[in-house]
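Trainee: Got a structure for you, questions after.
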Amino acid sequence: MSKIDISVTEIRELISSPAVNVVGHLRCFVVVAEELHFGRAAERLGMAQPPLSQRVQRLERELGVRLFDRSSRRVRLTAPGRLLLDEARDILARVDRIYSVAERARRGEAGTVRVGVPSDLGGPIVAALIAAFRSRRPDLRLDLRETGTAGQIRALADGALDAGIVRHPCDSRGLGLGPMLGQPLGVLLPAGADLAAAPEVHLPDLQGRDLVVPPREEAPGAYDDLLAACRRHGYAPAAVHEARHPEFALGLVLAGTAVALSPRTEVTAGVTWRPLVGEPLAWRTSCVWRRAGDPDHLRAIGDFAEIATAVLRREAGMTPLDGVAPARRVVPRPDAGFLA
């Protein structure tokens, strides 16, 4: 290690001083260190720039070291600042875990894994997920909440969920991410339609028909990708209808006014499911999870992620996409506060 003015041990001793508002000052320091710009850091923290500068200066005075080199053009970390950054992140992660444990205890959710699942996951898959988790972790309660991808991402960021099953693409920054699984989509047609007589359907043959899809607000990225792929492969729907409930989508198909794209499903009287030639359309799905939490809870989330990936492959016929490793044991790293 190169010689610098302060050691790790000295930093730990200094920041333990009761004169320092450790959590608040270190959060300010970390954000400035990540942005290297006081204006952007202040905006990110939701505070004015002068108080932010004052808090960083106060931390520097208390520690007795300069953390940043400042000029009119740029902000740079000093050598002590670089050393402190990893330590500060570690301390803040531990503080966040303490608050997470306390909040879960306050809500009466200790011993519970809270998971979001998309509304179209299907009853048999949900039942298999509950049964598999109960078999692996009978000591825990699995709290499943029907929530779209966008809602899950917000709830994970807020700490209202521990894990989820989401459609991609979505903003998974800062979250743990399981293997990416693909699920080919076929088409639901009225049983008497001409196309229903063929074993497979060419996507361009749907031209001129309306399309029924889940609401965009549930998974904006997957919604936009699906419509773009339809057009790219020769199908521009005459109109797009959003159906929150599968029964509503089924009604539109039965009426002969639209078709629906869905994974292979148990057919209902009056409709027929057919695969698409070449499998041009697919859902991309994976488990996601919060990386913050106490070690025991992280292990529980790891168990859920492994179980859910196996159930999605076995019960929903999802397969790892090319270049993505198959499901593996998700091992928590309590020292780093996330799942490996």
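The values are calculated or read from the model by the stated rules, or taken from the named source; none is laboratory data. Small disclaimer: the values here were computed from a predicted structure and weren't measured. Here the Cβ positions follow ideal geometry from the backbone for every residue, glycine too, while neighbour counts run over all protein chains shown.
Trainee: Checking ARG290 against (1) modelled with pLDDT of 90 or more; (2) farther than 30 Å from GLY176 by Cα: exactly one of these is not met. Which one?
Mentor: (2)
Trainee: Please go through segment 231-262 and give me each residue that is part of a helix (DSSP H, G or I) and surrounded by fewer than 22 Cβ atoms within 10 Å (Cβ to Cβ), ordered by number. Spell out the reasoning first.
Mentor: Within segment 231-262, the first condition is being part of a helix (DSSP H, G or I), and the residues that meet it are 231-232, 246-254.
Result: ARG231, ARG232, PRO246, GLU247, PHE248, LEU250, GLY251, LEU252, LEU254.
Trainee: Being surrounded by fewer than 14 Cβ atoms within 10 Å (Cβ to Cβ) and not charged (D, E, K, R) is true for just one of ALA155, ALA150, ALA131. Which residue is that? It would help to see each step written out before you state the result.
Mentor: Values: ALA155 fails: surrounded by fewer than 14 Cβ atoms within 10 Å (Cβ to Cβ); ALA150 fails: surrounded by fewer than 14 Cβ atoms within 10 Å (Cβ to Cβ).
The match here is ALA131.
Trainee: Could you tell me which residue of segment 158-211 is surrounded by the fewest Cβ atoms within 10 Å (Cβ to Cβ), considering only residues that are part of a helix (DSSP H, G or I) and not charged (D, E, K, R)? If you could, list the steps in order and put the result at the bottom.
Mentor: Keep residues of segment 158-211 that are part of a helix (DSSP H, G or I), which gives 158, 194-197, 203-206.
Going one step further and asking which of them are not charged (D, E, K, R), we end up with 195-197, 203-204, 206.
On the way: LEU195: 17, ALA196: 16, ALA197: 11, LEU203: 21, PRO204: 13, LEU206: 23.
Applying the filter and picking the extreme gives ALA197.
Trainee: In segment 76-99, how many are surrounded by fewer than 16 Cβ atoms within 10 Å (Cβ to Cβ) and part of a strand (DSSP E or B)?
Mentor: 1
Trainee: Among (1) over 30 Å from GLY178 (Cβ atoms); (2) among the hydroxyl-bearing types (Ser, Thr, Tyr); (3) out of contact with any helix residue (DSSP H, G or I) (no Cβ under 7 Å at 6 or more places or on another chain), there is one condition THR268 misses while meeting the rest; what is its number?
Mentor: With (1) over 30 Å from GLY178 (Cβ atoms); (2) among the hydroxyl-bearing types (Ser, Thr, Tyr); (3) out of contact with any helix residue (DSSP H, G or I) (no Cβ under 7 Å at 6 or more places or on another chain) applied to THR268, the lone miss is (3).
Trainee: Another question, if that's okay. Is it true that some residue in segment 297-310 is of a type outside the set (Gly, Ala, Ser) and assigned to a loop (DSSP other than H, G, I, E, B)? First the steps, then the outcome.
Mentor: Keep residues of segment 297-310 that are of a type outside the set (Gly, Ala, Ser), which gives 297-299, 301, 303-304, 306-307, 309.
Next cut, assigned to a loop (DSSP other than H, G, I, E, B) only: none.
No, segment 297-310 contains no residue that is of a type outside the set (Gly, Ala, Ser) and assigned to a loop (DSSP other than H, G, I, E, B).
Trainee: Continuing with this model, one more query. Among the listed residues PRO184, PRO215, identify the single one that is under 22 Å from the mean Cα position of the chain (by Cα), under 15 Å from ALA282 (Cα atoms) and of a type outside the set (Val, Ile, Thr).
Mentor: Details: PRO215 fails: under 15 Å from ALA282 (Cα atoms).
The unique qualifying residue is PRO184.
Trainee: Of everything in segment 135-163 that's touching a Ser or Thr at 6+ places or on another chain (Cβ under 7 Å) and closer than 21 Å to ALA93 by Cβ, which residue is modelled with the highest pLDDT?
Mentor: The extreme case among them is ALA155.
Trainee: Give the number of residues within segment 62-84 that are closer than 14 Å to PHE29 by Cβ and modelled with pLDDT under 90.
Mentor: Result for segment 62-84: 3.
Trainee: Right, another one. What's the number of the only condition in (1) touching a Ser or Thr at 6+ places or on another chain (Cβ under 8 Å); (2) farther than 30 Å from ALA191 by Cα; (3) at pLDDT 90 or above that ALA308 fails to meet?
Mentor: (1)
Trainee: While we're on this one: Hey, can you tell me all the residues within segment 311-340 that are modelled with pLDDT of 90 or more, hydrophobic (A, V, I, L, M, F, W, C) and outside any loop (DSSP other than H, G, I, E, B)?
Mentor: VAL311, LEU312
Trainee: Name the pairs whose Cβ atoms lie under 9 Å apart, with the first residue in segment 265-286 and over 25 Å from ARG231 (Cα atoms), the second aromatic (Phe, Trp, Tyr) and surrounded by 17 or more Cβ atoms within 10 Å (Cβ to Cβ), and 6 or more positions between them or separate chains?
Mentor: Pairs found: GLU266/TRP273; VAL267/TRP273.
Trainee: Of everything in segment 119-129, what is in contact with an Asp or Glu (Cβ under 7 Å, 6 or more places away or on another chain) and part of a loop (DSSP other than H, G, I, E, B)? Give them in sequence order.
Mentor: Initial filter on segment 119-129 (in contact with an Asp or Glu (Cβ under 7 Å, 6 or more places away or on another chain)): 119, 124-125, 128.
Within segment 119-129, SER119 is the sole residue that qualifies.
Trainee: While we're here: Does ALA128 count as out of contact with any strand residue (DSSP E or B) (no Cβ under 8 Å at 6 or more places or on another chain) and modelled with pLDDT of 90 or more? Lay out the reasoning, then the answer.
Mentor: Numbers: out of contact with any strand residue (DSSP E or B) (no Cβ under 8 Å at 6 or more places or on another chain): yes; modelled with pLDDT of 90 or more: yes.
In short, yes.
Trainee: Quickly run through segment 295-315 and pick out the residues that are among the small types (Gly, Ala, Ser), crowded, with 20+ Cβ neighbours inside 10 Å and more than 15 Å from the chain's Cα centre (by Cα).
Mentor: Selection gives ALA300 alone.
Trainee: Sticking with this one: For segment 193-224, enumerate the residues that are of a type outside the set (A, V, I, L, M, F, W, C), out of contact with any strand residue (DSSP E or B) (no Cβ under 6 Å at 6 or more places or on another chain), farther than 20 Å from SER119 by Cα and without any contact (Cβ under 8 Å) to a residue 60 or more places away in the chain.
Mentor: Within segment 193-224, ASP194, PRO204, ASP205, GLN207, GLY208 qualify.
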